[in-house]
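Throughout, read-outs are computed from the coordinates displayed, never taken from laboratory work. Only a predicted model underlies this, so the values are computations on that prediction, with no experimental measurement involved. Every residue, glycine among them, receives a Cβ derived from its backbone with ideal geometry; neighbour counts consider all protein chains shown.
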Amino acid sequence: MLALLSGQAAARSTDTVDNVMIYIVVISVILLLGVTAAMVYFVFKYHRKKGHKPKDIHGSVILEAIWIGIPTLLVLSMFYYGYTGYKTIRAIPDDAFEINVKARMWEWEFNYENGKKTDTLFVPAKQNIKLNLESYDVNHSLYIPAFRIKEDVIAGRINYLVFNAEQTGTYDIACAEYCGLNHSMMYTAVVAMPQSEFDVWYNTKDVSAEPENIEDTSADSSAVTDSTLIGGGNQ
Ligand SMILES: [Cu+2]
């Protein structure tokens, strides 16, 4: 919601999902207020009065058509809005930068095309990213709450997740599929860096090295440290 208020979404998918969410919440609140107001009004209007004889009402085609028609249209519009958003999020852009992700009990492994391998996901910001998701063992689920995206990592199958981080920063990654005893320890982070910074890191020889500036900050307050991630999670 913070991103909504400040107008700075962490990723494109954040906006897509939030817009649908707001749409559904607004409709729900309007209906809630309308139903509650009608209920209170009817309590006073139709309370039992002395000497008053209630009369029976036997259906009304127009009324019934209205209360079937309007909710149906509302629900269909929610579906349409949600589905078009889902299609946008699932579409694989041609220029996507691919990273192979392997999940195992209980950690994530990010494998880059040039042989780099990390346990934190480093990506360039404002670039389409495609994660190819595979599991070494059981089912997991890769969840990035700030980007509003989550995809199951199914054993024996390759799944994918696409995103584009609009803002540089560090965001939580969690496992969202209960996968065993230390499932709750499967926190790591996605670090979105400016393209130039990412290129420097990506092209350094040491395959296991993490970006220098990330290592520096992780000592004090960065969310890359395990303790912060475990504390700050929402799974
Ligand atoms: Cu898991």
message: Taking θ = phi - 60°, what integer Hz values does the Karplus form 6.51 cos²θ - 1.76 cosθ + 1.60 yield along the range 112-118, in sequence order, with x for Gly and Pro?
response: 9, 4, 8, x, 5, 9, 9
statement: Subtracting the Cα-Cα distance of residue 196 and residue 56 from 0.36 nm times their residue separation yields 42.8 nm
query: Which cross-chain or sequence-distant (5 or more) residues have an amide H under 5 Å from the amide H of residue 189, H modelled 1.01 Å from N in plane?
result: 121, 173
query: How would you rank 157, 48, going from fewest to most other Cβ atoms within 10 Å of each one's own Cβ?
result: 48, 157
task: Return the distance in nm (one decimal) between the two label points of a simple spin-label model at residue 26 and residue 64, each offset 7 Å from Cα along Cα→Cβ.
output: 3.4 nm
message: Quick check: pseudo-label points 7 Å beyond the Cα along Cα→Cβ at residue 139 and residue 109, how many nm apart are they?
response: 2.3 nm
task: Among 39, 52, 74, pick out the residue whose Cα is farthest towards the positive end of the charge dipole of the range 2-90, where Lys and Arg carry +1 and Asp and Glu carry -1 on C-beta, about the Cα centre.
output: 52
query: Within the range 11-39, what residues put their amide N at less than 17 Å from the label point 7 Å along the Cα-to-Cβ vector of residue 77?
result: 19-35
- prompt: Under the classification rounded if a/c is under 1.5, otherwise prolate if a/b is larger than b/c and oblate if not, where does the range 27-169 fall, given a ≥ b ≥ c as square roots of the Cα gyration tensor eigenvalues?
  reply: prolate
- request: Neighbouring Cβ atoms within 10 Å as the yardstick, rank 97, 163, 79 fewest first.
  value: 79, 97, 163
